[in-house]
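Novice: A single structure is presented below for examination.
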Amino acid sequence: MVQGGVLLGPSVLGKSTAFANAVFPLRSVMVIETMANVGLLYFLFLVGVEMDISVLRSVGKKAVAAAISGMILPFMIGAAFSYLLHREYDNHMSQGTYILFLGVALSVTAFPVLARILAELKLINTELGRIALSAALINDVCAWILLAFAITLADSETTSLASLWVLLSSAVFVAFCVYAVRPAASWIVRKTPEGESFSEFYISLILAGVMISGFITDAIGTHSVFGAFVFGLAIPNGPLGLTLVEKLEDFVSGLLLPLFFAISGLKTNIGLVRGAYTWSILILVIFLACIGKIAGTLIVAFFYQMPIREGATLGLLMNTKGLVEMIVLNVGKDQKVFDDESFAIMVIITVLMTAIIVPSISVIYKPSRRSTYYKRRTVQMSKPDGEFRVLVCIHSPRNVPTMINFLEASNPTKKSPICIYVLHLVELSGRTSAMLIVHNSRKPEYPALNRTEAQSDHIINAFENYEQHASFVSVQPLTAISPYSTMHDDICNLAEDKRVSLIIVPFHKQQTVDGGMEATNMAFRGINQNVLVNAPCSVGILVDRNLSGSNRLASNQVSHHVAILFFGGPDDREALCYGWRMLEHPGISLTVMRFVPGKLVASDHAKKHSSIDLDEPRVLTVETDKDMQKQLDEKLIREFRIRNENDDSVDYVEKVVNNGEETVAAIRTMDDIHDLFIVGRGQGMISPLTAGITDWSECPEIGAIGDLLASSDFAATASVLVVQQYVGVGSNGEGMDTPESKVQTNEEFISELSQHSAPPPRGGHNVFNTERL
């Protein structure tokens, strides 16, 4: 926005008098500036509402030291260069006031901008990120105090007595907000019944209070934004703050605040920065201010025995500039502390210092992710008598009931408890609350600040309630705040860190009232596709078709009819193993339908086999892999049938089919009593039994059969879990794996299959059905 204002201003296009008069006549600039200042006032009010000062209580000594040392050195550098930058164009302005403004502008760190940079760089949950955020928060508070003090000095021509009066009046205003405004806001919260919306009269009263506070502090002698900020701090966190943020955030952050940055750019005339001497001083100030922050944090890093590279990175992060700096510069210009040239120099410094941070950190700091080795990366390889770890991804509270019902049916037992990592996926956008990022990096018990955090609380509470009422289940809630384009990195890294065997992500389409399927957000599809390619373990995509509603026999028991469609291959074996695990639940009935190629397929295969050159190494490898896959399928099916032959809740059916058309017809003949299908994605498996189905597939990420079952045309309205088995680190970038990598992994499966894939048999009558058509 600042750059756009610079382009439209006197630096570039505004040089033309005709353009300036046509686009920005004086009367329109006054209107835009007024709107920008109103937007700034309400934005600072929102910052105050969202900010939780209690966070400062948990700040460690390391962060305090980094904040103080990161301010002192740049402030001293600013003081030293003030003599070179200061022009004695205003006799009443003292050098001390100029030093104070310049020092604050150079030494402060923009807390909201830093939070977003850390989230983008995936450093938000690291120790370095936590120190940087804590230090920036302290820095922000110090900046507001110094700014109030600087404005007081700038307004007071005869310093001593007038400055003291302004400071005392400001202290009285702060005390009024703490002891009068905050209790009044708390009374409004108590008077409004829980769950009901606040009266529009109260909301209007608070919004008017923002303007009145700004007027009072402006009349006192500090700036109006100081009053709005303190008034925002006085609003208690919780439902009232949440309502105010919801009503104001989009309008203020999306429309009014950009006007402030644009108007700052319009005021900037880079053409005034002339001569090699001025430019050399400007570059030197940028360099030394950056070095000052880095030197200050390196001292702290040395004292606390942090790695030097981390200390330098922390120093770069503390150089982040943003809204506070622009406010300081605009106030300084309004108070005649900065002339046009000094203002232009400082705007350039602010923009450039922020611009160099991310590239510089990318060069000097690359946190090495150690590759976590663990063997139980699939459901098939999980121990039947060991903990089963699952990472469940949630986009919104709508995903929660089906996920909980599905996990409840996954048979947590004393011998094999389920550890569930619940990951709420939140998009990092331009208006993501910085305090939301901080809250979720610290995960304390804070009240919700906005709708996103209220959703997160709802999700966490639902899963924690499930944990309390279920046996042998542990839940660990987490939040990932990231751009959708890189969110899969957070999911995959967390899965590897927690050594999970299965990642479950919701399908990007949801069921409508008339039974159809509509996309909720196409970005979710991109996340699912990236997770399938990069996951360090097996992945399941859950298509929700009201699995949660509701075949409950009692509050702690579910009843589901589950169907597994088995064609062969690693994904189908994984699907069978998951269904096998669910079978141990007393409320689960399981139907396994295995599709067997008919005589036509066998004869076609024989013809092709006779026509190919088996001396070709690549062909030989493919044929060997096919034989290996067939052996593994037969072994697992045989094991499953032997273990469950006396189980009256299992139906095993074999269907002989010759092509995709017969496959679809066979699936459609299944009873509509099933409320969950579990199928393999079929990655890398080319089967004549699904020929033709793939051509009509809308969503390849859930495979041909998964797409058929999830389509609106399919008569049954059962939920679908599409499983992709982890097959080793030999992937070729398309989410498919080379035959060699599969052979290697499959040998492990053969050696350990009998130990790890077979739950103990369940008693019952022998009604094991086998049909061959």
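The values are calculated or read from the model by the stated rules, or taken from the named source; none is laboratory data. Here the structure is a predicted model, which is why all the values come from computation and not from measurement. Don't worry about glycine lacking a Cβ; one is built from the backbone with ideal geometry, like all the others, and counts go over all protein chains shown. Quick note on the areas: whole protein, heavy atoms, side chains included, nothing else; ligands and nucleic acids left out. Shrake-Rupley method; radii C 1.70, N 1.55, O 1.52, S 1.80 Å.
Novice: Carbon and sulfur together cover what percent of the accessible area of segment 252-351 at a 1.4 Å probe radius?
Specialist: It is 71 percent, rounded to a whole number.
Novice: Under a point-charge model restricted to the Cβ atoms of Lys and Arg (+1) and Asp and Glu (-1), what is the dipole moment magnitude of segment 199-278 relative to its Cα centre, in debye to the nearest 20?
Specialist: 400 debye
Novice: Extent of segment 634-714 along each principal axis, from alpha carbon coordinates, in Å, largest to smallest?
Specialist: Result, largest extent first: 40, 28, 23 Å.
Novice: Can you compute the radius of gyration and Dmax for segment 471-533, using only the Cα atoms, both in Å?
Specialist: Answer for segment 471-533, Rg first and Dmax second: 14.1, 41 Å.
Novice: Now for a separate question. Would you please state the base-10 log of I(q)/I(0) at q = 0.18 1/Å for segment 259-401, with intensities from the Debye formula using one equal scatterer on every alpha carbon?
Specialist: -1.06
Novice: Additional query: Going down the table (61/333; 383/509; 191/247; 415/655), which pairs top 26 Å between alpha carbons?
Specialist: 61/333; 383/509; 415/655, as the Cα separations exceed 26 Å there.
Novice: Mind giving me the nanometre distance, one decimal, between the label points for residue 523 and residue 363, set 7 Å out from Cα along Cα→Cβ?
Specialist: Each label point lies 7 Å from its Cα, and together they span 3.1 nm.
Novice: Stretched out fully, how many nm does the piece from residue 19 to residue 669 gain, at 0.36 nm a residue minus the Cα gap?
Specialist: Separation in residues times 0.36 nm, less the Cα-Cα distance, equals 226.7 nm.
Novice: Under a Cβ-Cβ cut-off of 14 Å, what is the net charge of the residues other than residue 351 that fall near it, where Lys and Arg count +1 and Asp and Glu count -1?
Specialist: +1
Novice: Please state the charge dipole magnitude for segment 455-538, taken about the Cα centre, from unit charges on C-beta atoms (+1 on K and R, -1 on D and E), reported in debye and rounded to the nearest 20.
Specialist: My answer is approximately 220 debye.
Novice: Now for a different question. So for segment 162-273, Kirkwood radius off the Cα pairs, Stokes-Einstein at 10 °C and 1.306 mPa s: how many µm² s⁻¹?
Specialist: After rounding, the answer is 99 µm²/s.
Novice: A further question follows. Which three semi-axes in whole Å describe the equivalent ellipsoid of segment 191-350, each the square root of 5 times a Cα gyration tensor eigenvalue, listed largest first?
Specialist: Listed largest to smallest, the semi-axes of segment 191-350 are 38, 25, 14 Å.
Novice: In Å, the Kirkwood hydrodynamic radius of segment 101-234 over pairs of distinct alpha carbons?
Specialist: Value: 17.2 Å, from the Cα pair sum.
Novice: Also: Starting from a Cα-only point model with no solvent, please compute log10 I(q)/I(0) by Debye for segment 223-277 at q = 0.22, 0.23, 0.32 1/Å.
Specialist: -0.97, -1.01, -1.14
Novice: Of all the accessible heavy-atom surface of segment 167-251, with the other protein chains kept in place and a 1.4 Å probe, what percent is carbon and sulfur?
Specialist: Carbon and sulfur together cover 68 percent of it.
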